[in-house]
Amino acid sequence: MMLGCEWLAMNITAEPAKKMKHAHAKRSRDEVPYIRRWMRDLRSVVRNSITKLKPAELRLQGGLNKADRRAQLDDPEPLCLRYRIFRELRHNGRIANSFTWPSDYDDTTIKEAALLLVAEHRGRSCNRKALSLEVDGIEITEINFTEGSSGELDVLKVEEVDEVLEDADVLI
């Protein structure tokens, strides 16, 4: 059994750790708007430069067509990785630009903010895919999300056994 002073000592040591964890989570959430703004600006500049590219220049730069290059801009994971690298270079003073950055730099905060943004994007894309299946008339009773071989998330539909058996009788 714990004495009162032992419990108090444990509570006092746990309290600063809890406050630090909450402060770190808040800094990560505060970093997300900077990532979103940077990604928005980056996408607009890159889309504009893709539009101005000529087919001969495209072939010299790896053979991807304009649609493929634009599709790469929709995935936030590589963009978040580039943001982290860009922030580190900016913090080390190797890049100077007019973009407004947060005053403090913490690699773990930026990493968690990027992961938060990617998880948000994945959740939205999975919900969109499930909604499109429901619009097509497929009733979804349970949704399982798995990552397919192409890197996209696949939505697996689990139906109840009775429904499957009824469909099988109709086919016979």
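Readers should treat all values here as calculations from the given coordinates under stated rules, not as data from a laboratory. Being a predicted model, the structure only gives us computed values, none of them experimental. Every residue, glycine as well, gets a Cβ built from its backbone with ideal geometry; the counts of neighbours run over all protein chains shown.
Which length gain, in nm to one decimal place, applies between VAL135 and ARG29 when the Cα-Cα distance is subtracted from 0.36 nm times their residue separation?
Residue separation times 0.36 nm, minus the Cα-Cα distance, leaves 34.8 nm.
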Hey, got a sec? Which chymotrypsin sites (Phe, Trp or Tyr not before Pro) in region 18-109 land in a DSSP loop and have at most 14 other Cβ atoms within 10 Å?
PHE99, TYR105
